[in-house]
Each structure stands twice: as C-alpha cells, then as structure tokens.
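J.: Have a look at this one before I ask anything.
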Amino acid sequence: MNSIKSVPARVLSRRGGHSLEAEREQFDKSQAISISKAINNQEAPVKEKHARRIILGTHHEKGAFTFWSYAIGLPLPSSAILSWKFCHVLHKVLRDGHPNVLQDCQRYRSNIRETGDLWGHLHDRYGQLVSIYTRLLLTKISFHVKHPEFPPGLEVSDEVLEKTAGTDVNNIFQLTVELFDYLDWELKLSESVFRQLNTSMAVSQMSAVQCRLAPLIQVIQDCSHLYHYAVKLMFKLHSCLPADTLQGHRDRFHEQFRSLKNFFKKASDMLYFKRLIQIPRLPESPPNFLRASALAEHVKPVVVIPEEAPEDEEPENLIEISTVSTTEPQITSDMFEQTFGPPNGIRDDRDAQIESLKKEVEMLRAEMEKIKLEAQRYITQLKAQVNSLEGEVEEQRKQKQKALVDNEQLRDELERLQRVKQDSDRSQRLCAEAEKKASATEIRYTKLKEKHSELINIHAELLRKNADTAKQLTVTQQSQEEVARVKEQLAFQVEQVKREAEMKLEDQSVQLEQLRQELDTRRDELDQAQHSLSHAKQASTELSAQVEALQAEKEVLRRSVSEKECELLSARGLIEEKELQRSQEVDKATREIHELQGRLLEKSNQEQSLQQKLLDEQFSILQETVREAEDILRDAVAKLDDPLHVRCTSSPDYLLSRAQAALESTGSLENGHAQYVASMADAAGLVGALALFAHLMADTIVNGSATSHLAPTDHADRLTETCRDCGQQSLDYLGKLKDKQTLGCAELGDVRRALQGVLQLAQELRPKSLDIKQEELGDMVEKEMASTSEAIEDAVRRIEEMMSQARNESSGVKLEVNERILNSCTDLMKAIRLLVMTSTNLQKEIVESGRGAATTQEFYAKNSRWTEGLISASKAVGWGATQLVEAADRVVLHTGKYEELIVCSHEIAASTAQLVAASKVKAEKNSRNLGRLQECSRNVNEMAANVVASTKSGQEQIEEKDTMDFSGMSLIKLKKEEMETQVKVLELEKRLEGERVRLGELRKQHYALAGPCDVAEDDGDAKPAPTPRRGILKKPPLTQKPGHGEPERDAGLDAPPGVNF
C-alpha cells in the first residue's frame, strides 16, 4: 500500500515564489504576442483568437494595465491600418473585458484623442475612419463613466433602465439626449465604412474589405441595445411631457431609425456578416410615440452571435446542397411539356391539362396513403413474427444448453462420488486445524484493525495540515497579487501625477509670462500718464500766464474802442471760415454715404446672383438625378421585351413586397417634391427620394416580368402590361420634373394606381390555401391533444371492462396472468395520460412565453414545422394507445399473441418519447413543467417495461413445456439429436436474419414515403413559416397509425433511444 509523503514547507515556499514570477512572465509574454498579432499593419481583420486572449488577460489581471503598457508603445501615428486595428481591439476589450477596464481607459483618453486628431487632419481613407472611431470610443467611455449602471456591453434589464432614468423628467430628457449622441457616432462610423466600400456580395469576401467591416460587428451589438433603450425612454418622455415639446426628439429618432434600418439591411445582405452574426430586423415603420399602447408592440432587437467553429477546420459551405431524386428532372421536364406544350410549337388546351394534372396528383396522393398504411401493417406483422421467431430461437438455445448442462452434471456427479469418500476423512483432519487457524487469524485481525484506525487518524491529521498549508499559500499568493496590483496602480498614479504636475507647471509658466507682459504694459501706460500729467501742469502754467495777459489786454481794450472793433471784424471773418469748413465736411459725408449705398447695392446684387446660382445648381442636380432615374426605369422596361430575361423567375410574394415598398416610397417622394417646391434652394430630400423610387420601381418591374414567366397566360399578359404602364407613368412623372413650368403640377396619382394594379395581380397569383392552412394549424394542435387524451381515457375504460370480463370468464393461472397484464396496461395508460397532461401544460407555457403580442394561432403558424411535430407525436400516442388496448383484448380472449402486446408496448413508449422530444424543443431549461415532463417520460418507460415483463412472465407461465427426458438415449442417439437441433437452430437464425433485413427495408421505405419532419425549427424566429403539408392537415382515424415522419425515431431494428426495458 503506497504511503503519502508530505512535501517540506521550504520547498513549497521556494516553488511558489518561482511559479508566480514565471507565471507573470509567461502572462506578459503571451499578452505581448497576442497584441502584436492582433494589431499590425496587415490589411486583414483581427483574428478572434488573439482578441479573445487579450480579453481573457484583462479578466486574469482584473484590469487593462498590461494592454495599455504595450498599446502606448505602438507606432500609431505611422500607420492608419495599425490605428484602425487598435481602435477595433480597444472596442472589443471595452465590451467584453473586465469591468475595471473602463477606469483604466479613462486615464488614457488624451492618447485616444491625439490619435484621432492626428489622422483627422490627414487625407487618408483609413485615417478618416480612425478619426470617427476614436470619437466613438471617447463618447462610449464618457457615457459609461457617467452612468456606471450601464456596463460597456450595454446589457441591462428594463428594471435597471427604469431605475437609472428615475422619475425626474430632466434626468430622463438628458439621458435620452446622451443615448441619441451615442447612437449618432455608431451610425456615423457605419456610414463612413459603407461609403468607402462597394457593397456587392463578392467584395465582402476580400481581406481588405473585411478589415473595414470587422468592427461593425461590435457596432451592430451596441446599436441594438441603444435603439431599445431609446424607444423605452421616448415612450416614458411622452407620458410625462406634451407631444409638441418632444417634436425635435421624434424627428431625431426617426432619422436615426432610417439610418439604422438601412445599416442593418446592408449588413444582412453581405456574406461576411451572415456567418458571423445574426442581425435583427427592425419594423417597417418607427414606433408611434403618440400612442401609449404602441409600447406593447415594440419587440427588442436581439443580436445572436453563433458558436465559433475551430479555425483549423474547413469553412462550411455557403450554399446548402441537398440530394435530389434521379427521377425529379424527368418529372419536371414532363410537367413542363404538359404545361407549355411540346418543343415543336404544338399547343393543347391548357385548362384540360391542368385538370388532368390535378387529378393525377390526387390519385398519386391516394396511392401514397394506401402504401403508407400497407407498409405500417407489414411492419406490425413483421415485428410480431420477429418476436415469435426470437422466442423460438431462445427456446431452442435453452434446450441445447440444458442438454449440455445435464451431460456435464452427470460426469461431475460421477467424479464427485469418487472423491467424497476421500475428502470426508481429510475434512475431519483439517477441521481441527482450521479452527486453530481461525482463532489465530481473529486475534491478528483485531490487532491490524487497531493499527489501521491509528493510521487513518494520522492520515486525516496530515490532510488537515496540508489543507491549512494550501490555504495559507493561496492567501499569500493573493496578497502578493494584490500588492503587485497596488504597485502598478501607484506607478500609474505617480506617472499621472507627474504628467499633471508638468502640465500645471507649464500652465503656471505661461500665466507668469502673461503677467509679466501685462506688468510691462501697465508700466508703459503709467509712464505715459505721468508724461501727460507733466504736460498738463505746463499747460496750466501757460494758461495762467495767458489769463494775466488777457486781463492786461482787457484793460487795453477798454482803453481802445477802435482796437475792439477791429478784433470784432476779424472774429466775423473767422466765423465765416468755420462755416465754410463745416459745409465742406457735410459734402464729404454725403459723398461717403452715397459710396456706401452703392457698395450695399452691389453686395445685394452679388447675393441675388449667388442665390440664383445655388438654385440653378440644385435644379441641375435634380435634372441629373431625373436623367439617371429615367435610364434605370427604361432599362427595367426594356427587360419586359428582352428574350434573355425569359429564364428569370420570381415568386408572387416577393413581387408583393417589392411593389409595396415602391408604393411606400411614393409618399417620401411626394414629401420631397413638396419641400422642393416650397424651397427650391434645397433639393436633397427630392433627390434621395427619386433615387429610392427609381430603384424600387425598377425592381418591381423586373420582378413583375420574372413573375409573369411562371403565371398563367391571362395573368402573365395583364401583369406585363401593368408593369409596362408603371414604367410609362413613372417616366411621364419624371418628364414633368425636368421642366420648371410643369415641376409644380407633377403628381403621382397615376403611378400609385399602376402600382396598386401590380399589387392586386400579385395578390391573385399567391397560393390561396396558404393562409387558411396556417390558421387551421393552430387549432389542430389543441384538437389533436384533446383527441389523444380522449383516446387514452377510452383505452383505460376498455381495459377496466376487459378486467371485469376476464374475472367472470377465467380462473386460476389464466385469471392471475390476465389480471397482471391488464393491471400493468392500466398503469401504463395512467402514466401516458399524466404525460399528455404535462405536455399540454408545457405547450401552453411555451406559447405564452414565445408568442409575445401575437395570437396563439399566429404563433403556431409561425412555427409550423414544430407544430407539425407535435401533431404527429400526438397522433402516434393516440394510435399506440388504441393498438395496445386491442392487443391486450386479443391476448385476454386467447385470439392474439403475447408478442403483439410487447411490440405495442415498445411502440407506445417510442411515441411518448417522440412527444417528449417535440415538446422539449422550445421549452426553457429551467422550466418546472419540463422537469415534470421528463419525470413522466421516465415513468412511462418503467410502466412499459412492466407491461413487457408481465407479458413475458405470463407467457412462460401459461405455455406448456415438454419435459425432456434423455435418460433412455444412447450416446449415438444423443449426438444425432444434438446435430438435428443445431441444424434447426441455424435455419431459424438464418430465417430471423432475413426477416430483420426485410423489416429494416420496410422501415426505410416507410420513412422515405412519409417524409422527414424536423421538430426543431432553429430559424423559426428569423424566417417565415413553411407551408404545412397536406398529409399533416388530414387527420387519420385513431385505429390507424399516422403515416407522418417521426423526428426522434431511429431507423434501426432495436428499441428507440430513451426507452429502456
């Protein structure tokens, strides 16, 4: 026995220290490799495995210290592709990294802003994208720092959103504006990427294009959440504020809705996104916030990221290739010749051909139903034969084995009698020795037991010490990691403080320099003021001297009148001179006013010329758009007469959607036309609406022509002429837009009428039975479940009647066997009834949780393939219950075989397993009804096993077995009988093998005729429900096994999986 040796504590401590350092070095090395491989100059998308390792590294170290330590050293200003990939990786780290990543990125906002500003000033294609991407990242960081309730992944519940918004209208208003700004930058990035790309299907497979498209996956994830939160907050704002106040919010939301819908549509059309992300579909029109009940109609868009396949494996095929029967081309060509006539141009009556084809289809369907029923009957008979043959083979094997055993027993008995006498003497001698050894062994065992108890106690003590040591080591490692983390944080904080101190020092130096300049200016002004003060003093001194002189002159004037008169004359001369100067100044001012008026008139003329030039340019842009639209429409109309277009086909449903979209575009075109007529300086709305209208109208005309190729002659001619009329009316409307005189009176009434004619013809060409079948499909599930319950209750009632009849007509062993079999059948029926009730409850829970605002019938119609599986499983359970009761009745009346009862038990167990599988497909994992359904399924399996066991035991008890007496046979006679028995066994085995092969072929043919029916509808929420098959809608009677495919059944010969006996 190996002993456990304890490791010395010094070795553990030394090993732990080295392992932590090695682990840190290995982590840094792996992160550096992943960052260098993810962020490089190659124009290819970032590989997911490298980004995943970087994200896992943030969770490992609980932050983004290592990432930023390497990211700061990247030469981002040298390469725009390098900067673009850095922004992509940073976006993924923000979304999926550790929560502490947000605070770490907040410290490096300046680095992100510098990178964006640098590339924003350069005329580089990637540089412009990097500039927008950095602004998006800065907005994202600011929003999540301000609102920590929203994680960077933007996944919060509606309760958290309500709690964050609160009840204050100002807070809700501000949060809505911030969400709009956030969504604006997301959409601006997507528009910039698509503006640089050719959005055809083939381009998206190039690595250079994928390098630009890869970050849009994170943009799609962010936009889906932002749109949902914006809708919620807008409804809440409209419940608190009047509608006029929120008109700006509604206009902004509608613009973002159109941009987001266009973005999702373009992305969903690209093959690159189809294999990486499931893009949700937005509604055709934005929510009506003026109606509070519209909130219940809102469906949250959900983005699904499929599971990633290993990168070493080959990529999956983009086109699903299905095997087709070899007879299908011949049938197709025959139907084509019957419909369109032989190639030599001879035409028969098409109506008669259509009627004959319909009759042939009905005959083929009737024959298929007959073949299905006959194949099912053959399968049941062959199962009974196989079970009977297996019973016979088993009986023959038992007889052979018994004969061999009897022969060996006779030989052993002879030898035993010879040894008995010898052993009897020896046993007496050994008995005494054995008693002595037993006592000694017992003493030794007691000592060993005590020693073992001591070793166990010692071992437990050592284990406890080892656990304590491991805990201490773990605590030490955690503390060391925490210390390392704190050191790194302190280092970053010190670095940040240094940077802030340097910035503050620079600011202080700049302020000091400004203060010095202001001080010098003030000094200069002070010197000037002192100089002017000295001049003023001198002037005052001079004035005082002048006053004295004037006083002297006054005295002189008084004494001299003549001198005074002379001075008066001189003063008059001066006044006249002043008046002359004043008149000159007025004339000069008048001339300047006239010059300014001339300049103002010239400027107004220039403005009018510029306004006219702007109107001419807008009109020329409109004319170019009109000419381009005319070319598009003429090309589409030309397709109506193009012989190469005859091979193109389309469906009425697709034509209906295209014509509806074209009809809706006329509204926006009419609004754009009205805006342009009101203000001809802005033709942007009319130009965009014209481009959309031309493409949609051309698409409608081309698809109408393609649809007419498969339509009857009358409808085809009418559809072609209506499409031609659509094109002509559209061209007439565009012709009116080319002339300024007829521009204002151009109307779309004729175009709308032509489009409505296309819609009416497309509606007439749609299959008429589709809607009716989908509406009936929802009610059929409940009817089938109810009929199954009734069939099971009827089966229980019939078993009770058979029980009372058996008690009256039989006795003894037969009564005991019949009671045991009928009791087990009754228990099985009760278990099945409980399972059907539980399945019905689970089905109701699935419908209530999955239908949303739709009705129950709409939910069943949408998930029609799953509904077909439920109907098939329900029919199979009802049919199995009926067959089990009939088989039990025949066994009790001694007109049937026990093997039929066993086969029916197997069949009903498989049918209930099918019902469980069909109900389990769309159920939640944590559903209580699902747990009860699985428990009921196990109970059904146990009850079915009890039926089989009671049937086999009753069969063995009732059937009489011949007593085999071989005592009078000689050795030669025994050998001969043995050889004959072996020959018979070989014959039966060969016959059994042939019957099994036949049963397998019959099952294969049955499944091929019935057709597969997949219950699990993976894309039921993303695609329209397929048309239910006619075989599903036709309910067979309960006494016949339904001929529909069983999704969870095995085509082998053994019991189906999940049924254990």
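The values are calculated or read from the model by the stated rules, or taken from the named source; none is laboratory data. This is a predicted model, so every value here is computed, not measured. Cβ sites come from the backbone with ideal geometry, for glycine too, and all protein chains shown count toward neighbours. Accessible surface is based on the protein model in full, side chains and every heavy atom, while ligands, DNA and RNA are left aside. Shrake-Rupley method; radii C 1.70, N 1.55, O 1.52, S 1.80 Å.
J.: Look through Lys188, Lys140 and report the one residue that is buried (at least 17 other Cβ atoms within 10 Å of the Cβ) and closer than 23 Å to Leu260 by Cα. Working first, answer last.
T.: Values: Lys188 fails: buried (at least 17 other Cβ atoms within 10 Å of the Cβ).
Result of the check over Lys188, Lys140: Lys140.
J.: Would you mention how many residues in segment 218-234 are open to solvent by 20 Å² or more (accessible area, probe 1.4 Å) and of a type outside the set (Lys, Arg)?
T.: Qualifying residue count, segment 218-234: 2.
J.: Here are the criteria: (1) in contact (Cβ under 8 Å) with a residue 24 or more places away in the chain; (2) open to solvent by 100 Å² or more (accessible area, probe 1.4 Å). Tell me which single one Lys437 does not satisfy.
T.: Going through (1) in contact (Cβ under 8 Å) with a residue 24 or more places away in the chain; (2) open to solvent by 100 Å² or more (accessible area, probe 1.4 Å) one by one, Lys437 breaks only (1).
J.: Still on this structure, please answer the following. Only residues in segment 877-889 that are of a type in the set (D, E, K, R) count as the first member; pair them with residues that are assigned to a helix (DSSP H, G or I) and open to solvent by less than 20 Å² (accessible area, probe 1.4 Å), Cβ under 8 angstrom, at least 6 apart or cross-chain, and list the lot.
T.: Hits for this filter: Asp889/Met802.
J.: Another question, if that's okay. Name, by its number, the condition in (1) over 18 Å from Lys383 (Cβ atoms); (2) modelled with pLDDT of 80 or more that does not hold for Ala806.
T.: (2)
J.: For segment 836-882, give me each residue that is at pLDDT below 70, hydrophobic (A, V, I, L, M, F, W, C) and in a helix (DSSP H, G or I).
T.: Ala861
J.: Now for a different question. If only one of Leu600, Leu640, Leu644, Leu614 is aliphatic (A, V, I, L, M), surrounded by fewer than 20 Cβ atoms within 10 Å (Cβ to Cβ) and outside the structural domain of Gln760 (by the TED database), which one is it?
T.: Just one listed residue meets the conditions, Leu600.
J.: Could you pull out the residue among Leu382, Leu389, Leu357 that is aliphatic (A, V, I, L, M) and surrounded by fewer than 16 Cβ atoms within 10 Å (Cβ to Cβ)?
T.: Working: Leu382 fails: surrounded by fewer than 16 Cβ atoms within 10 Å (Cβ to Cβ); Leu389 fails: surrounded by fewer than 16 Cβ atoms within 10 Å (Cβ to Cβ).
Sole residue among the options that is aliphatic (A, V, I, L, M) and surrounded by fewer than 16 Cβ atoms within 10 Å (Cβ to Cβ): Leu357.
J.: Give the residues of segment 282-293 that are surrounded by 12 or more Cβ atoms within 10 Å (Cβ to Cβ) and either at pLDDT below 85 or touching a helix residue (DSSP H, G or I) at 6+ places or on another chain (Cβ under 6 Å) (or both), sorted by residue number. Talk me through it step by step, then tell me what you get.
T.: Kept after step one, since they are surrounded by 12 or more Cβ atoms within 10 Å (Cβ to Cβ), are these residues of segment 282-293: 282-283, 286-289.
Within segment 282-293, Leu282, Pro286, Pro287, Asn288, Phe289 meet the criteria.
J.: Just the residues that are open to solvent by 60 Å² or more (accessible area, probe 1.4 Å) and part of a helix (DSSP H, G or I), please, taken from segment 241-260.
T.: Correct list: Gln247, Asp251, Arg252, Glu255, Arg258.
J.: Can you tell which of Ala375, Ala467 is open to solvent by less than 80 Å² (accessible area, probe 1.4 Å), free of Cβ contacts under 8 Å to residues at least 12 places away in the same chain and of a type in the set (A, V, I, L, M)?
T.: Matching residue, one of Ala375, Ala467: Ala467.
J.: Report, ordered by the first and then the second residue, all pairs with beta carbons closer than 9 Å, sequence separation of six or more or different chains, a first member in segment 798-814 that is touching a residue at least 60 places away in the same chain (Cβ under 8 Å) and among the small types (Gly, Ala, Ser), and a second member that is open to solvent by 60 Å² or more (accessible area, probe 1.4 Å) and in a helix (DSSP H, G or I).
T.: Ala806/Lys814
J.: In segment 887-914, how many residues are of a type in the set (Gly, Ala, Ser) and within 25 Å of Thr867 (Cα to Cα)?
T.: Number of matching residues: 4.
J.: Return the pairs, sorted by first residue and then second, in which the second residue is of a type in the set (Gly, Ala, Ser) and in a loop (DSSP other than H, G, I, E, B), the first residue lies in segment 677-701 and is farther than 15 Å from Gly667 by Cβ, the beta carbons are less than 6 Å apart, and the residues are 6+ apart or on different chains.
T.: Close Cβ pairs (under 6 Å, with a partner that is of a type in the set (Gly, Ala, Ser) and in a loop (DSSP other than H, G, I, E, B)) amount to Val677/Gly744.
J.: Let me ask you something else. Go through Arg807, Arg820, Arg798 for me and flag whichever is charged (D, E, K, R) and either open to solvent by 80 Å² or more (accessible area, probe 1.4 Å) or in contact with a strand residue (DSSP E or B) (Cβ under 9 Å, 6 or more places away or on another chain) (or both).
T.: It is Arg807.
J.: Taking segment 476-489 only, how many residues are within 12 Å of Phe65 (Cβ to Cβ) and either touching a helix residue (DSSP H, G or I) at 6+ places or on another chain (Cβ under 9 Å) or open to solvent by less than 90 Å² (accessible area, probe 1.4 Å) (or both)?
T.: Adding up the residues that qualify gives 5.
J.: Next question, about the same structure. Those residues that are open to solvent by less than 20 Å² (accessible area, probe 1.4 Å) and closer than 17 Å to Gln660 by Cα, I need them from segment 707-735; list them, please.
T.: Once the filter is applied, which keeps residues that are open to solvent by less than 20 Å² (accessible area, probe 1.4 Å) and closer than 17 Å to Gln660 by Cα, segment 707-735 yields Thr707, Leu719, Cys723, Cys726, Gly727, Ser730.
J.: Examine segment 268-277 for a residue that is closer than 21 Å to Ser668 by Cβ, part of a loop (DSSP other than H, G, I, E, B) and of a type in the set (A, V, I, L, M, F, W, C), and state whether such a residue exists.
T.: Checking segment 268-277: not a single residue is closer than 21 Å to Ser668 by Cβ, part of a loop (DSSP other than H, G, I, E, B) and of a type in the set (A, V, I, L, M, F, W, C).
J.: Of all the residues that make up segment 655-683, how many are surrounded by fewer than 16 Cβ atoms within 10 Å (Cβ to Cβ) and either in contact with a Ser or Thr (Cβ under 8 Å, 6 or more places away or on another chain) or part of a loop (DSSP other than H, G, I, E, B) (or both)?
T.: 3
J.: Please work out which one of (1) loosely packed, with under 15 Cβ neighbours inside 10 Å; (2) part of a helix (DSSP H, G or I) is the condition Cys745 fails and give its number.
T.: Only one criterion is unmet by Cys745, namely (2).
J.: Just one of Lys768, Lys814, Lys773 is surrounded by 15 or more Cβ atoms within 10 Å (Cβ to Cβ), modelled with pLDDT under 80 and within 40 Å of the chain's Cα centre (by Cα); which is it?
T.: Lys773
J.: Tell me the residue from Asp124, Asp96 that is open to solvent by 40 Å² or more (accessible area, probe 1.4 Å), acidic (Asp, Glu) and more than 24 Å from Gln221 (Cα to Cα), please. Walk me through how you get there before you give the answer.
T.: On the way: Asp96 fails: more than 24 Å from Gln221 (Cα to Cα).
The match here is Asp124.
J.: Give the residue, chosen from Asp587, Asp635, that is of a type outside the set (Ser, Thr, Tyr) and over 30 Å from Arg766 (Cα atoms).
T.: Asp587
J.: Just checking, how many residues over segment 969-1013 are surrounded by fewer than 11 Cβ atoms within 10 Å (Cβ to Cβ) and at pLDDT below 70?
T.: The number of residues fulfilling the criteria is 1.
J.: Could you please give the count of residues in segment 23-80 that are in contact with an Asp or Glu (Cβ under 7 Å, 6 or more places away or on another chain) and open to solvent by less than 40 Å² (accessible area, probe 1.4 Å)? Even if it seems obvious, please write down each step before you answer.
T.: First pass over segment 23-80, keeping only residues in contact with an Asp or Glu (Cβ under 7 Å, 6 or more places away or on another chain): 48-49, 55, 63-66, 68, 80.
Those still in the list that are open to solvent by less than 40 Å² (accessible area, probe 1.4 Å) too: 55, 63-66, 68, 80.
So the answer is 7.
J.: Leu138: modelled with pLDDT of 90 or more, in a helix (DSSP H, G or I), in contact with a helix residue (DSSP H, G or I) (Cβ under 7 Å, 6 or more places away or on another chain) and closer than 27 Å to Ala44 by Cα, yes or no?
T.: For Leu138, the condition - modelled with pLDDT of 90 or more, in a helix (DSSP H, G or I), in contact with a helix residue (DSSP H, G or I) (Cβ under 7 Å, 6 or more places away or on another chain) and closer than 27 Å to Ala44 by Cα - is met.
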